[in-house]
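Notes for the one structure printed next.
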Amino acid sequence: AGIGKRVALELARRNARTILACRSQERGRAAVEEIRAATGNPAVLLRLLDTSSLASVRAFAQAVLREEKRLDVLVNNAGLTGLPFTITPEGLEQTFATNYLGPFLLTNLLLG
């Protein structure tokens with residue numbers, strides 16, 4: 001939703017192979033279908049990613065490195081605010097993990 005969806009739509013309009021990394025499979029599928037329909041670009045893909053989970057970040061990065069020949073652009077757009085204080089199963093504060101640690105780890109893992 002929001003900025004991330006608009007960025008993905010614009011990349012797809014430019015005929016880029018575009019991977020939407022989403023927490024929700026249902027919302028992600030809807031976004032993929034909407035972007036494909038709006039752009040005519042069939043190379044819009046959904047991959048599940050929860051940046052608050054370092055295990056999810058590692059699994060996502062491994063899959064991208066395994067499945068994709070190259071990665072030209074990475075847009076780290078995940079973020080949340082205003083949630084009550086919560087600790088993730090990995091012992092991290094959820095907002096900090098989602099907004100900073102997860103994207104930092106993802107970027108570093110994809111650098112190769």
Between segment 1-39 and segment 47-76, the alpha-carbon center distance in angstrom = 16 Å
Between Glu93 and residues 5 or more places away or on another chain, which pairs have amide H atoms under 5 Å apart, with H built 1.01 Å from N, and which residues are they?
-> Thr88
So for R0 = 22 Å, FRET eff. of Leu111-Ala63 from the Cβ-Cβ r, to 0.05, ends up at 0.90
What net charge is computed for the residues neighbouring Ala16, neighbours being all others with C-beta under 10 Å from the C-beta of Ala16, Lys and Arg scored +1, Asp and Glu -1?
-> +1
With x for Gly and Pro, the residue-by-residue ³J(HN,Hα) of segment 18-31, computed from phi through the Karplus equation 6.51 cos²θ - 1.76 cosθ + 1.60 at θ = phi - 60° and given in whole Hz, is 10, 9, 8, 9, 10, 6, 9, 5, 5, 5, x, 4, 4, 5
Whole-Hz Karplus ³J(HN,Hα) for segment 54-71, in order, using 6.51 cos²θ - 1.76 cosθ + 1.60 and θ = phi - 60°, x for Gly and Pro?
-> 5, 5, 5, 4, 4, 5, 4, 4, 4, 5, 5, 5, 6, 8, 9, 6, 7, 10
Could you give the length gained on full extension between Arg70 and Glu90, defined as 0.36 nm per residue of separation minus the Cα-Cα distance, in nm?
-> 4.2 nm
Length-normalised contact order of the chain, Cα under 8 Å, at least 6 apart, in percent, tallies to 24 percent
If you average over every viewing direction, what projected area does the convex hull of the Cα atoms of segment 23-77 give, in nm²?
-> 4.3 nm²
Search the structure for amide H atoms under 5 Å from the amide H of Leu46, placed 1.01 Å from N in the peptide plane, and list their residues when 5 or more places away or on another chain.
-> Leu20
For the residue pair Phe104 and Arg17, what label-to-label distance in nm results when each label sits 7 Å from Cα along the Cα-to-beta-carbon direction?
-> 3.1 nm
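Read the figures in this text as sums done on the coordinates, not as results from a lab. Please read all numbers here as calculations on a predicted model, not as lab measurements. Heads up, the Cβs are rebuilt from the backbone with ideal geometry, glycines too, and the neighbour counts pull from every protein chain shown.
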